[in-house]
Amino acid sequence: MMMWFETGVALAAAGVYYSYRYAWWRPALSYSFPRILMYHMIKKHQGGKFRGLRVSPKIFEKQVKYLAENGWHFFTMRELITQRESLPPKAIALTFDDGYEDNYTHAFPILQKYGAKATIYLVVERHGREWSSKRKSKNNSGELMHEPKLTDAQIEEMLASGLVEIGSHTMTHDNLSRLDEKGKHHEIADAKRAIEERFGIRCDAFCYPFGIFDEKDAALVEAAGYTNATTTQAGIDDLRSADLYRLRRITVSGKDNFLAFWLKLRTGKRGVKK
Ligand SMILES: [Zn+2]
């Protein structure tokens, strides 16, 4: 008798835990609202920090395959914005922040295999640069600095495929909240010009480093001529009514199992908190 009671209590506790962790009861948001997914590295995590930033190639392929086979339509950020009044249901944009080399070596072959489009937010001066400490000084491990970044030739090859759009993630991935007007202008406007001149393209999409920005930064992004900007805030927006300079995204973490990925696609978040 006692054991049954204890089992019951344990099951109820597990139920509460999974309900809180996965919020499975939440209804899916309308599929007329496009999903914007945020990735960083497509690479197996082998110790160190930033496990969430690394989604293994095997898991990434599983996710892209699922999307391709379940009626999702891939768009780059520019396409998502210019076609926002007439998007089909289940429109999705894959975005990659920073410009890691594995976006080319690991993600690009998978994008090609499934005909999936993506947008890469490039840090213009990305090689050999430590930026994780710009948010919290204790992050100064040099780990992200040592991660290889995309070469210009790799970017050109991806651009030529028609599957990849290059957006801007500033000149140096600085923390905008610590810069004066001149510094902000350099990070935001000069990065757009540098990308456009280097690759002979239009650079319309912007992404705030660390997701940190204020009213003024959003206005500077718009004044620089970008047509849209993404944040790190978790969520899904209706592009017909959203502020295009503070778009929310769905964080795909290397810690997510497939259930978490699936739930995030439905509601923008995995559980009650994230
Ligand atoms: Zn970044």
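Quick notes
- With both labels modelled 7 Å from their Cα along Cα-to-Cβ, the Lys90 to Ala12 distance reads 4.0 nm.
- Residues His169, His40, His185, His45, sorted by accessible area with the largest first, give His185, His45, His40, His169 [1.4 Å probe; ligands and nucleic acids excluded].
- Our note on the geometry: Cα centres of segment 116-157 and segment 222-243, 22 Å apart.
- Using just its DSSP H runs of length 4 or more, each adding -39500 (n - 2.57), the chain gives a mean residue ellipticity at 222 nm of -9500 deg cm²/dmol after division by all residues.
- Each other residue within a Cβ distance under 11 Å of Lys44 adds +1 if Lys or Arg and -1 if Asp or Glu, for a net charge of +3.
- When you count the other C-beta atoms within 10 angstrom of each residue and take the mean per peptide, 16-29, 91-104 line up highest first as 91-104, 16-29.
- Estimated translational D of the chain in µm²/s (Stokes, Kirkwood radius over Cα pairs; 20 °C; 1.002 mPa s): 110
- Förster-model FRET efficiency, 22 Å R0, Tyr114 and Arg51, C-beta, rounded to 0.05: 0.30
- Extension gain from Trp262 to Glu125, taking 0.36 nm per residue of separation minus the Cα-Cα distance: 45.8 nm
- Prolate/oblate/rounded call for segment 37-89, Cα gyration tensor, a/c under 1.5 rounded: oblate
- Using R0 = 41 Å, the C-beta based FRET efficiency linking Ser141 and Asp243 works out to 0.75.
- Largest GNM mean-square fluctuation among Ser241, Ser132, Ser56, using the chain with Cα springs under 10 Å: Ser241.
- Cα coordinate range in segment 104-233, projected on the principal axes (Å, largest first): 42, 35, 27
- Estimated from the Cβ-Cβ distance and a Förster radius of 30 angstrom, the FRET efficiency linking Ala68 and Met3 is about 0.05.
- Gaussian network model of the chain, Cα within-10 Å springs - most flexible of Gly71, Gly162, Gly48: Gly48
- Computed over the alpha-carbon pairs of segment 64-157, the distance histogram in 10 Å steps reads 15, 37, 29, 17, 2 percent, short to long.
The values are calculated or read from the model by the stated rules, or taken from the named source; none is laboratory data. Worth saying up front: this structure is predicted, and the values here are computed from it rather than measured. All Cβ positions, glycine included, derive from the backbone under ideal geometry; neighbour counts span all protein chains shown. Calculation scope for accessible area: heavy atoms of the full protein, side chains included, ligands and nucleic acids excluded. Shrake-Rupley method; radii C 1.70, N 1.55, O 1.52, S 1.80 Å.
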